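All remarks here apply to the structure that follows.
The values are calculated or read from the model by the stated rules, or taken from the named source; none is laboratory data. Predicted model, so just to flag it, every value in this text is computed and none were measured. Virtual Cβ from ideal backbone geometry, glycine too; neighbours counted across all protein chains shown. With ligands, DNA and RNA removed, areas are computed over all heavy atoms of the protein, side chains included. Shrake-Rupley method; radii C 1.70, N 1.55, O 1.52, S 1.80 Å.
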Amino acid sequence: MNKGLLLILGVGLIGPGCGGGSGDGGRGPVEVLQGDAAIQAAAGVVITMTSALDALLGSAAAMQAGARSGIGSGRSSRAVRVDCPLGGVIDGDCREDGGRTFVTTASQNCGVVDDETGLTAIANGRLDATYEATGICGRSVPEGVAVTFSFADYREELLQDGSVVGTSETRRLTQVSRPALGGCSENDGEVRLDGDLRTRDASGDFEIRMHSLSMDIVSSGNPCTESVDAAGDIDVADLQRGSRFAGLMEGVRMTRRVALDGLTEISVDGEADIDCLGRLRIRTTAALALSGSCPIEGAMDVVVGDLAEARVEFGTSGVAFDYQVDGVADFEAAICGSDAIASCE
């Protein structure tokens, strides 16, 4: 999912924005790496984990934006078909029952423009939303209203100047969002995810499966810094780097901000059980600066199972592994897709 997601609900039903453990993913037996290979693979797991969480954080932002939009074109909508601004149609319904508002939509090549980014979003599939409030069909949703989004066989493309720059698709995905107010980010609050997602853009190509994955998000500062506490089962296939892992995150904290130079800076700390590694402990010692799909600077210490702590440093030329943390690189290679680096598969 991406910035364009949920704009589709804005056609006819949602108006212009306003408001103020186990973790094996069913993979079966997996080779558990040992020694130096485990440390090398751990670096890739951390980068993939942070990139996947970053992608999911972007989807949360789009959904929160939708939750703060208005529903309807000034009236309650029931079983309406609306022509989309850039072609295609959307069938929808908005109704209230039991203290909640239910919005259902089915898109067919429905095209709209994101006014903030200028990107075009084209959607196909089913997207429903349940808001924990009433009196909002045809009106704006007050800030802070909890919402559950349900996607079924849904696909969305983002285009810039007629070229596809990103896609998101899911067979089934449920996201529960409980927004919080007072921070500098529209992501603030609690997010719970179950289902599958494939997301592709310039930063990577990921297939993600989630079970009871939670992200609790707070933000502050200028530039805005988001802190994300993540827990739950996640299975990630990094199709660009050719690796895959499944794991249980047990209190992984990621901090994220977009620096003044435009680079995304990420730190990640905490513990996880990873199928191809065992117990993994992570401590970021210098924030990772992401450029495309690879960090171009930053450092972290990792502990895999019973192995001694090792240091991993990233630069514009690749990655360096210091197995003894004595200040001397024991192994160096390019991080993205390098056949020289062991990886989880």
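Residues of the stretch 325-345 with an amide N closer than 19 Å to a point placed 7 Å from the Cα of residue 202 along the Cα-to-Cβ direction: 336.
Ordering 122, 274 by accessible area with a probe of 1.4 Å, largest first, what comes out? Each step should come with its number before you reach the end.
Details: 122 50, 274 10 Å².
Output order, biggest surface exposure first: 122, 274.
In terms of its Cα atoms, the stretch 253-345 spans 40, 29, 27 Å along the principal axes, sorted from long to short. The residues of the stretch 273-332 expose on average 44 square angstrom of accessible surface per residue, using a 1.4 Å probe on protein heavy atoms.
Measuring between their Cα centroids, the stretch 244-313 and the stretch 154-181 lie 25 Å from each other. Calculated FRET efficiency, residue 102 to residue 229, Cβ-Cβ distance, R0 = 30 Å: about 0.50 to the nearest 0.05. Computed from label points 7 Å out along Cα-Cβ, the spacing between residue 308 and residue 339 is 3.2 nm.
Percent of accessible area on the stretch 220-287 owned by carbon and sulfur, 1.4 Å probe? Heavy-atom surface of the stretch 220-287 belonging to carbon and sulfur, 1.4 Å probe: 47 percent.
The modelled label-to-label distance between residue 212 and residue 174, using points 7 Å beyond Cα along the C-beta direction, is 1.3 nm. Peptides 40-52, 170-182 ranked from most to least packed give 40-52, 170-182, packing being the mean of other C-beta atoms within 10 angstrom over each peptide's residues.
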